[in-house]
1. Can we say G77 is in a helix (DSSP H, G or I) and touching a residue at least 12 places away in the same chain (Cβ under 8 Å)?
2. Quick check: is even one residue across region 81-90 free of Cβ contacts under 8 Å to residues at least 24 places away in the same chain and open to solvent by 20 Å² or more (accessible area, probe 1.4 Å)?
3. With open to solvent by 60 Å² or more (accessible area, probe 1.4 Å), out of contact with any helix residue (DSSP H, G or I) (no Cβ under 9 Å at 6 or more places or on another chain) and either touching a residue at least 12 places away in the same chain (Cβ under 8 Å) or more than 24 Å from R172 (Cα to Cα) (or both) as the only criterion, which of R327, R269 stands out?
4. Check off (1) over 30 Å from F400 (Cβ atoms); (2) surrounded by 18 or more Cβ atoms within 10 Å (Cβ to Cβ); (3) not hydrophobic (A, V, I, L, M, F, W, C) for G187 and give me the number that stays unchecked.
5. Take I174 and decide whether it is of a type in the set (A, V, I, L, M, F, W, C), touching a Leu at 6+ places or on another chain (Cβ under 6 Å), in a helix (DSSP H, G or I) and more than 23 Å from H99 (Cβ to Cβ).
6. Restricting to region 101-128, give me the number of residues that are among the aromatic types (F, W, Y) and surrounded by 21 or more Cβ atoms within 10 Å (Cβ to Cβ).
7. So if I check each of L376, L421, L402, which one is at pLDDT 95 or above and either buried (at least 18 other Cβ atoms within 10 Å of the Cβ) or small (G, A, S) (or both)?
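The values are calculated or read from the model by the stated rules, or taken from the named source; none is laboratory data. No experiment lies behind these values; they were computed from the predicted model shown. Because the Cβ atoms are built from the backbone with ideal geometry, glycine has one as well, and the counts that use them run over all protein chains shown. We work out accessible area using only protein heavy atoms, side chains counted, and drop any ligands, DNA or RNA first. Shrake-Rupley method; radii C 1.70, N 1.55, O 1.52, S 1.80 Å.
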Amino acid sequence: MSTSPATDSIETVPALGADAAGTSPTPERRPGGIRAALADPVLRVLAGATLVSTLGRGIFYTLTVLFFTHFVGLDAGEIALILAISSGVGVATSYAGGHFADVFSARRMLVVLIALEGLAMAAYPFAGDFGMALLLACIATGLNRASNSTRSAIIARAFDAEHRVSTRAILRTITNIGIAAGGAIGGLALLAGTIDAYRGLMIAAGVVYLLSAVQLLRLPARVDAPPRERRARLAVDADTAAIAAHEVATARQAAATAAAAARSPFRDRRYLALTALAGVFGMQFALGEIGVPLWIVHNTAAPDVMVSALLIVNTVIVIALQIPLSRGSDDIRKAGRAVLIAGAFMLIACGLYALAAGPDAAAASAGVGAGVAIVLLLGGALFHAFAEILSAAGTWGLSFELAEPSRAGAYQGMFGMGFSLGTMLAPLVITATALELGLLGWAILAVLFVASAIGIWVIARRAAPVAASA
């Protein structure tokens with residue numbers, strides 16, 4: 001895949017805030033290109049850790065549900081309940097991870113969270129009943145959501161505005177590669193079909209995930225938030241050196257208090273709206289993972305293998321195009337426009353998925369045959385994949401650019417919380433619409449995606465002049 005040196009370079013900031021002399025350091029510019037981007041120490045560490053961890057997660061995703069179904073004896077309702085409750089835990093820990101990344105060392109937090117999650121994953125094969133499976137799922141999901149927010153806070157601090165989105169795009173591309181490779185490895189246990197094969201690979205997945213934490217130990221200290229005392233000092237005018245000592249202390253305390261309270265993400269209505277709308281649009285991930293596979297199996301004449309085919313289509317497109325199509329999303333207007341286009345693509349995707357419905361004897365509906373259904377599903381998957389790429393790039397850009405820099409962790413935690421909430425509600429929404437109502441349900445889903453995309457575009461359009469003048 002060719003890259004443009006002018007748009008694909010990574011610019012890093014060697015230190016946060018001011019240096020010892022009180023002056024801001026000059027950002028270090030690097031040559032363009034993906035290879036040059038990976039020469040950055042922070043991105044190189046994150047990329048290596050991501051590849052290793054997602055390899056383990058790909059194995060884990062492939063085997064977990066089937067392990068609980070075939071060997072623990074859980075039914076579909078119990079598994080759905082586990083997913084819903086653990087996702088609810090993830091809503092809370094998403095914000096907590098970001099919030100505490102502003103208080104403690106983000107890099108140390110990330111190492112601990114990833115290590116604990118790896119241990120929880122390795123313990124899954126030893127769950128023998130619903131209660132233990134639920135406990136482990138809540139622990140693993142909670143840790144995963146917290147680590148995601150902590151990682152986003154690190155990216156927000158380690159890179160300048162121009163390169164945060166490209167960093168996320170590179171990591172997401174690596175994530176897809178790792179999960180695809182892990183899924184292929186997990187298929188070995190599916191072929192064997194024995195409990196020992198499942199357990200062995202699931203434990204291996206947890207160990208591999210745990211090993212990724214070792215790489216994160218190499219993250220530099222500059223990814224941490226500046227100490228609270230230093231933030232207060234930087235907020236006070238340099239001329240305060242002439243003020244009496246007690247006045248300096250008072251000014252520092254006031255500055256620190258104001259910085260902490262003035263722009264809390266819970267008081268930022270614009271960011272709250274962005275978070276909610278992005279969470280709604282983010283339901284498109286669950287649509288691809290849950291809704292479309294069930295729609296294919298139960299409502300179309302297409303063969304079940306199309307579930308795997310559409311997954312491959314999505315993975316290939318994301319790996320190939322996430323980086324180039326994410327360029328420019330650090331610009332607020334362009335980010336909003338990308339999400340708006342994604343909304344239009346989801347409208348088309350939902351229409352194509354709906355039209356793929358097969359014959360329904362009970363409703364005396366002719367529907368479409370297998371061949372036409374396959375074409376429609378592939379078309380829907382194509383538009384869906386482009387919508388996924390553009391919406392991810394656009395919301396990443398807005399989540400960084402509209403956040404308060406001094407509260408990067410808290411804001412990223414808030415944004416992650418919205419995504420987790422959408423993930424928790426998505427199965428219910430998708431089931432109640434597309435899977436229950438058919439064509440009408442798909443129309444409702446399409447309206448939901450378009451409305452949320454328009455809302456995000458409006459936020460970006462209104463925020464752009466403010467950002468430009470700031």
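1. no
2. no
3. R269
4. The single condition G187 does not satisfy is (2).
5. Against the criterion (of a type in the set (A, V, I, L, M, F, W, C), touching a Leu at 6+ places or on another chain (Cβ under 6 Å), in a helix (DSSP H, G or I) and more than 23 Å from H99 (Cβ to Cβ)), I174 qualifies.
6. Going through region 101-128 one residue at a time, the tally reaches 1.
7. L376
Residues are listed down the side, and each one gets a yes or a no for (1) open to solvent by less than 50 Å² (accessible area, probe 1.4 Å); (2) in a helix (DSSP H, G or I); (3) over 28 Å from E401 (Cα atoms); (4) at pLDDT below 90:
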residue	(1), (2), (3), (4)
A133	yes, yes, yes, no
R145	yes, yes, no, no
A156	yes, yes, no, yes
H163	yes, yes, no, yes
S166	yes, yes, no, yes
Y209	yes, yes, yes, no
